[in-house]
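Participant: One structure follows; several queries about it will come next.
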Amino acid sequence: MLKPAVEVHNVDGILVAEFWDCLRLDPAPVQDLRTLYEAHLASKGRPVAVIDLLGVGYAGSAALGNFMAMHRLAKQRGGRLIFCNVDPTVFEVFRVSKLDPLFTFSADRASALAAANGQESSSAPAAFPSSPTVPAAAPPRKSGGDGLISASRRRKLS
């Protein structure tokens, strides 16, 4: 059985995190990320973190709680958390929880790093033009009977 884990890199003083074997983002790897972020801040790293959610299809409230704790730490130091490669279903959890305004969302890691460095990236079109913080739309997926609807259909319903 695979063990979900987080891997971090330091890119120009910015903590970049990616999750491995985490189709469902359980609280343990996010707690590990929080601990690593605290160590990053203690070692005088920049208070900006890029969190790559590529491959994550579900995030629960416990994971969001740890992201909120990281957000508070970042905010206290003038930083922020930037999420990239966010699946529309995962973004919906942020939106329904009313947490999406607290974070920045980018289409991919390159645009997230550009945002972290204060540069605007024109290569990251928004999925929903009405909201500037929504990540780029993923290609429509078939629901397979799991109750999920495509991103284009979700736009019409909201």
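The values are calculated or read from the model by the stated rules, or taken from the named source; none is laboratory data. What you see is a predicted model; the values in this text were computed from it and never measured. Reconstructed Cβ throughout: ideal geometry from the backbone, glycine too, with neighbour counts over all protein chains shown.
Participant: So which of V6, V16 is over 16 Å from D87 (Cβ atoms), touching a residue at least 60 places away in the same chain (Cβ under 8 Å) and either surrounded by 14 or more Cβ atoms within 10 Å (Cβ to Cβ) or among the β-branched types (V, I, T) (or both)?
Facilitator: Details: V6 fails: touching a residue at least 60 places away in the same chain (Cβ under 8 Å).
On inspection, the qualifying residue turns out to be V16.
Participant: Continuing with this model, one more query. So, S106, is that one modelled with pLDDT of 95 or more and within 27 Å of Q119 (Cβ to Cβ) or not?
Facilitator: Answer is yes for this residue.
Participant: Let me ask another. Consider the range 19-29. How many of its residues are surrounded by fewer than 23 Cβ atoms within 10 Å (Cβ to Cβ) and under 15 Å from the mean Cα position of the chain (by Cα)?
Facilitator: 6
Participant: If you don't mind, another one. Give the range 30-88 a look and list any residue that's closer than 22 Å to A114 by Cα, surrounded by 14 or more Cβ atoms within 10 Å (Cβ to Cβ) and among the small types (G, A, S), or say none.
Facilitator: G45, A49, G55, A74, G79
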